[in-house]
Every structure is written in structure tokens, then in C-alpha cells.
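S.K.: A single structure is presented below for examination.
The values are calculated or read from the model by the stated rules, or taken from the named source; none is laboratory data. These numbers come from a predicted model, not from an experiment. Counting neighbours? That spans all protein chains shown, and the Cβs are built from the backbone with ideal geometry, glycine included.
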Amino acid sequence: RLGRTCSLCCFCFLLPAALARNWEGAEEKLRVVPLLGAAEPRSNHTNNTNNTNNTNNLRCRLPVKVGSCRAAFTRFYYDVSNQSCRSFTYGGCEANSNNFQSQEKCEEACSGATVLPDESTPAPLLPAKASRRALSFVSNAEGPVESEPAPSESTPPQEKEMSAEDFAELCGAEPQVGPCRAALQQWYYNSKSGSCQTFIYGGCRGNRNNYVSEESCMDTCSVKVLRSSKKVADVDEVSKEYKDSCMATSDPGPCRAAFPMFYYDPNTATCRPFFYGGCRGNQNRYSAAEECMSRCSRAGSFDTRGKPRDRWTAAVFLFVTLAAISVLLLATLVIITLRRHGLSRRLSSISDKEGLLPDEQSSLESLTVPESPKPDKA
């Protein structure tokens, strides 16, 4: 029955699954009533062009990525928010495809690319839940019969939830520029005002409270914060932090730069220099020996068991030590003062005794016998 009418052949081409229907006894001429707004078949050339455009658009929507290396190459990236190509400083490794050597190549590849909302997806040719009456087959005698619309099912939007730890990391941290010297306008969530604000990002490191657009920032942080289930840090996690920061061996990484750095050597309990390649490596890496010693030595951030040192305990110990030294100094001063006072009293008593004794010469004169008078001669 495929050769019955030309319209039936067109029907078989548009919807082959309908061949399973039984058309016995059909006397009138059948025709196809297409679904309103249905897309027409496209040529292969058009499909290839659209695929290429979609690939370029996806490439141009990627955020700028400086990389962890510290070189300084001038490159260009496409900013979808401004729909223009802008320059940035590329570190030399870990780039993405939104990285062009010249502004002309950037504009040639990305001119006209716009922001694609997260909820927007290409419209399908037919609805996913279309009814079987999407294509209606009617007779010429009765006229066209409209297809019944499929009932729409809408679910209320659910409120997003986030743990207190994740919220503190993604939305509560203060914005960090980072050590690199790029100047990228990014967004961070201000938990005090409950809004997203702009800041200048250097291009590397920083923290996770860093978003490309205001929409992605608000979408991430406009959530219900759950109560924290983590009361005290686990001992194993603290020990792991100490091992990663102070006990790992020096790792220059796979890159070939030569940045002078310091690492903590637990065998000698000192910070030793090494050359860092510029990427990867581990956490036992410090830019200055003072920073290394202040974090990993016994007087630093960790104690001998690898736990973070309590600052209040150190402050109390320092206060007690200073108080003990002050008491010792005061006692020594009192003792010295008393000894000096006692010596002065002893000297004064001796001088008083010497004043009471008569002079030696005067005493001898008082003891001399007077001469007897001589008799007169007649």
C-alpha cells in the first residue's frame, strides 16, 4: 500500500513509524497536515556550517585562563560580556582554546558570539513528549482536524542548598587578586551585602569565590545554607596538612623555569633553598626562609605532633614567662637595696663610735705630770 498515493509516500518519509497502522478500508485520499512551527529539513552544508559556528561559540565562551606558569606572553581572548577581544598576559602553560596570538585571529574566530544562558538549549525538531497526533491524517471530505496539544507539566523550582563549609569557601571568602599581574574583571559574592561585586583578578591562584559573570555568581551563592556538621577538625586531616606543607620533599615540577624557593627539611629542622620550575610541585614551597620557618618550625604554626598551634596557648606562655622574669628582677632589686641600706647603717655606727673616743694627742697631754717647783736659792 505504499504506492497508493503520492501524499501517502510523503507521509511515510516524514514518519516511518506510522507504517505499522492498519489502513484497511480507507477509501478517501489521505494527506499530511504538518505540525505548526515544525522545522524544515536542512541541507548538509547548512548543518556543517552550524556545527562549526557552535564549536567556535563554545570556544569563545570559555573564561580566560592565564595558567600557573610565570612567563609573560601577550595574548588575546574573547570577552562574551563585552563582545570584544581583549589582551591578557599568558603564563605559558595550561591554556584553553580561548587564547589567540593576535586580535585579528580572535575577531575572525569569535566575532558575533554572545552569552548563552545556562538554561538555554537548542530547540528539538519535535517536542520530547509530543502526542501521536502531532501529524494529523485527515480525509479530504472531512477537512483538516487540529491536533490536540500535549498537556504541559510544570514542576515548582526547588531551592538550592549548600553546606556551611562549601558556602564559606565559595561565597564567604574575601576576594584574592593572586600573585600574577593580569588585570581581569571578575565577580565575587559579598556575604555581608548579599550581592555580587566586581574586583580585579591577577589571573592565577586566588580562591574559589571568583566568577566570570554576575549571573554565575548569584546562581551559585543564592542558596539555603545548611548547618555545619563538622565540629572539630579531624586529627588525621591536620596531620595530613602538616605532612603536605612541611614534610614533603622538594618538588621542582615539570616546567623549566628557575625560581628560587625554600622548602622545610624535617631531618635538619631547617629551611633549605631549591629551584622551582614554575608549575605543579607540592605545598612544601615558600618564597622566603622566614615564611618557611614561621610555619613549620616548633615555634611556628604547627606543634611537634603536627597539629596547628593554639595562639592563645602561646600568648599565655609568653605572658607567664615575662611575669616570672619581672618578679625575679624586682626581688633582685629589693635585695640589693636592703644590702646597701644595711651597709650604710653599719658605717654610720662606726663613725659615731669614733666621735665619742677622745683624741690620742689630747689624751697624752692630759696624762702628763706637772713639773715640781724648784726651791729658791738664798
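S.K.: Would you check which residues across the stretch 242-269 are of a type in the set (Val, Ile, Thr) and modelled with pLDDT under 90 and list them?
M.R.: Thr268
S.K.: How many of the residues making up the stretch 169-220 are part of a helix (DSSP H, G or I), buried (at least 19 other Cβ atoms within 10 Å of the Cβ) and out of contact with any Leu (no Cβ under 9 Å at 6 or more places or on another chain)?
M.R.: So the count comes out to 2.
S.K.: Now for a different question. Kindly list the number of the only condition in (1) modelled with pLDDT under 55; (2) surrounded by 13 or more Cβ atoms within 10 Å (Cβ to Cβ) that fails for Glu142.
M.R.: The number of the failed condition is (2).
S.K.: Any residue at all in the stretch 308-315 that's of a type in the set (Asp, Glu) and either at pLDDT 65 or above or outside any loop (DSSP other than H, G, I, E, B) (or both)?
M.R.: no
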